[in-house]
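Notes follow the structure.
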Amino acid sequence: MEYGSLAFQALAATIKIVFMILGFLMPLASILTWMERRESAMMQDRLGPNRANIGPFKLWGITHFMADAVKFLFKEDFVPPKAHKFLFMWAPIMAMAPALIVAAIIPFGPPLCWNELLEKNPVCGQPINLQIAQLDVGLLFYFAISSLAVYGATLAGWASHNKWAMMGGLRATSQMMSYEVTMGMAVLGSFLVYGTLEPGAIVAQQTHIFSLGHYHSSWGIFLQPAGFVLFLTAAIAETKRTPFDIPEGEPEIIGYFVEYSGLRFGMFFLGEFLEIVVSSAIMITLFFGGYHWGNTIDNALLSHLPNFVFVLAMFGLWTVKVFAFCGFQLMIRWSLPRFRSDQLMRLGWQRLLPISIANVVATALVVLWAQQ
Amino acid sequence: MAVGVKVVNRPGSLAQQAYLPAIAEGLGVTFRHFVKNFFGNVTGNRKKTDIATMEYPEEKMKYPERNRGLHRLMLRDDGQVRCVACMMCPTVCPAHCITIVPEEAPDGRIEKRPMIFEIDELRCVVCGLCVEACPCDAIRMDTLDHAKPTYRRVDAILDKEELMSRGIQSTAVQGGVGAFWRERVGGQPQTPPAGAVVPAGAPHGPTPLRDHGHK
Ligand code: SF4
Ligand code: SF4
């Protein structure tokens, strides 16, 4: 097959999509469901689920996620009699799909050089970008699609014909709308610094961890520390987890998925973890250099390994970063108490939004000053 | 609106209002615990962790010495049941879960003994009154075990043989020491007054009334 032909591109894209979803997102999100319980247990001096096993293979109970899936499969799939059947069916998919779609713009490795797979230090005449879709609007696409996730929660709440679910759906809506503004503003800073919205290009620039000489190619965390904190806060609020789990308070309104059972509930559950993975990956992309590990390590790997091994190694390192960041998000979830609804709104509109606007203005001034 | 809103001012420093230092501190605490427990657990060195979990079927919590557990019937020196079917325990039992059918004992000095002695462990409220009531240390609850789960209710009713299977010989002197118990507890060996009936086998000298297994 010829490089660059339509068939080649289609095949490459298909392989990338299948790999990303089945090989990375789904397994990682599933493992996170177990990891969350285990990690929280370790933080609280407990042991956590460590029993599930396949024959003699126990692996610290990692197969609990399979046991969960089997359990969800065999549970009754209850649909309330007065529910809106069609929307009730679609809401879990609406909640889960955006996270999967957004993953399309995440670069997960350096370009693979098609005609120089075995060469060290390739010229890379025929690169295959390890990123499903290279969109110039990149991050805008992320906002556009991830804000669709709110429909999942809202429709679930509305279609269930349950007042508590409805309240949960409304709370989810107000929360996600409020925090999207901050999120957009936080990313604007990164946009100003790197001069592009395309995640692949943003990552490609972050070759140094931190260097004053090439401040343009430092990691985002050093150029936009305030932006990182703002984005992190907003991203956690978007995943609707503690400390921002207003839409699902167990002692008060339970949540927008109160009427869901079986595999449909499982989809909400998994969707939440998919959002964690994807938002971690986006944060790695914007603020922690994507697949880069600093100039020295990158160059050493590049010049000593055949190209495809180099790409695999970088992908492995990227996975480690994403995994660690997911762990960090879980840690936040199990360390902080939850906000009240009005505190949440005050934090979003009166604190984070002004700070994020100030951050954009300050960044713009510094960039302007640096250019002159 | 008639609803009054009381605004509570909570002055705090900028650091407090920004949440971040407190968040970092909290994350530090949880992270310390996580690292300690995680590495202790991965290296198989549970001693070095703070984990309080007991992995139940494999590890069992030892009950305290004075725990009231499953009943048992104590034995005489010759291995017979020590109970004299005095009916004290079924009388005092608030749950009415002790069933005794007495019969005549072949040994004329004992008179009575239980033919049937059953305790329904499902109805028992584990109050320990039966043990308190027993005049001759025949029933005890110091097995340091709990009633076992069963598939059928009837299996939770323990009969005489089962209760005796956990029994041991009591250290209390069989037949009692009669009117001289005060002196015996005081540790003063005494010759019984003339005409007193001393039961056979009653040892002389100070005897601990019960052996609780104290160290
Ligand atoms: S422990 Fe209490 S309830 Fe149980 S058998 Fe003895 S007296 Fe009855
Ligand atoms: S109180 Fe003691 S001696 Fe009397 S019937 Fe109960 S177990 Fe037997």
Exercise. Sort out which residues of the range B:13-24 are at the interface with chain A (Cβ under 9 Å from one of its Cβ atoms) and in a loop (DSSP other than H, G, I, E, B), and write them in order of number.
Key: B:Ala18, B:Tyr19
Quiz item: Do we have any residue at all in the range A:35-43 that's of a type in the set (A, V, I, L, M, F, W, C), open to solvent by 30 Å² or more (accessible area, probe 1.4 Å) and either within 20 Å of the chain's Cα centre (by Cα) or away from every other protein chain (no Cβ under 14 Å) (or both)?
Solution: no
Quiz prompt | When residues of the range B:51-76 are limited to those that are within 16 Å of ligand 2 (Cβ to nearest atom) and either in a loop (DSSP other than H, G, I, E, B) or open to solvent by 60 Å² or more (accessible area, probe 1.4 Å) (or both), the one farthest from B:Glu121 (Cα to Cα) | solution = B:Arg76
Quiz item: Which of the following residues is within 11 Å of ligand 1 (Cβ to nearest atom) and open to solvent by less than 60 Å² (accessible area, probe 1.4 Å): B:Pro90, B:Pro94, B:Pro114?
Solution: B:Pro90
Quiz item: What number of residues within the range A:312-326 are in contact with a Phe, Trp or Tyr (Cβ under 9 Å, 6 or more places away or on another chain) and in contact (Cβ under 8 Å) with a residue 40 or more places away in the chain?
Solution: 7
Exercise. Collect the residues in the range B:25-50 that are open to solvent by 60 Å² or more (accessible area, probe 1.4 Å), more than 7 Å from chain A (Cβ to nearest Cβ) and in a helix (DSSP H, G or I), keeping them in residue-number order.
Key: B:Glu25, B:Val29, B:Arg32, B:Lys36, B:Phe39, B:Val42, B:Arg46, B:Lys47, B:Lys48
Exercise. May I ask you to list the residues in the range B:78-122 that are within 12 Å of ligand 2 (Cβ to nearest atom), assigned to a loop (DSSP other than H, G, I, E, B) and either within 14 Å of another protein chain (Cβ to nearest Cβ) or under 25 Å from B:Arg153 (Cα atoms) (or both)?
Key: B:Met87, B:Cys93
Quiz item: Within the range A:207-234, restricting attention to residues that are open to solvent by less than 10 Å² (accessible area, probe 1.4 Å) and either touching a strand residue (DSSP E or B) at 6+ places or on another chain (Cβ under 9 Å) or without any contact (Cβ under 8 Å) to a residue 60 or more places away in the chain (or both), which residue is nearest to the other protein chains (Cβ to nearest Cβ)?
Solution: A:Phe231
Self-check item: Odd one out for B:Glu161 among (1) within 20 Å of B:Tyr63 (Cα to Cα); (2) within 16 Å of ligand 2 (Cβ to nearest atom); (3) open to solvent by 60 Å² or more (accessible area, probe 1.4 Å)
Solution: (1)
Practice problem: Spot the failing condition for A:Thr14; the list is (1) within 14 Å of another protein chain (Cβ to nearest Cβ); (2) open to solvent by 70 Å² or more (accessible area, probe 1.4 Å), and only one is missed. | Solution: (1)
Quiz item: Is there a residue being in contact with a Lys or Arg (Cβ under 9 Å, 6 or more places away or on another chain) and more than 16 Å from ligand 1 (Cβ to nearest atom) anywhere in the range B:56-74?
Solution: no
Practice problem: State yes or no: is B:Val101 open to solvent by less than 70 Å² (accessible area, probe 1.4 Å), away from ligand 1 (no atom under 15 Å from the Cβ) and over 22 Å from B:Gln169 (Cβ atoms)? | Solution: yes
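The values are calculated or read from the model by the stated rules, or taken from the named source; none is laboratory data. Since the structure is predicted, the reported quantities are computational estimates derived from the model, not experimental observations. Reconstructed Cβ throughout: ideal geometry from the backbone, glycine too, with neighbour counts over all protein chains shown. Accessible surface is based on the protein model in full, side chains and every heavy atom, while ligands, DNA and RNA are left aside. Shrake-Rupley method; radii C 1.70, N 1.55, O 1.52, S 1.80 Å.
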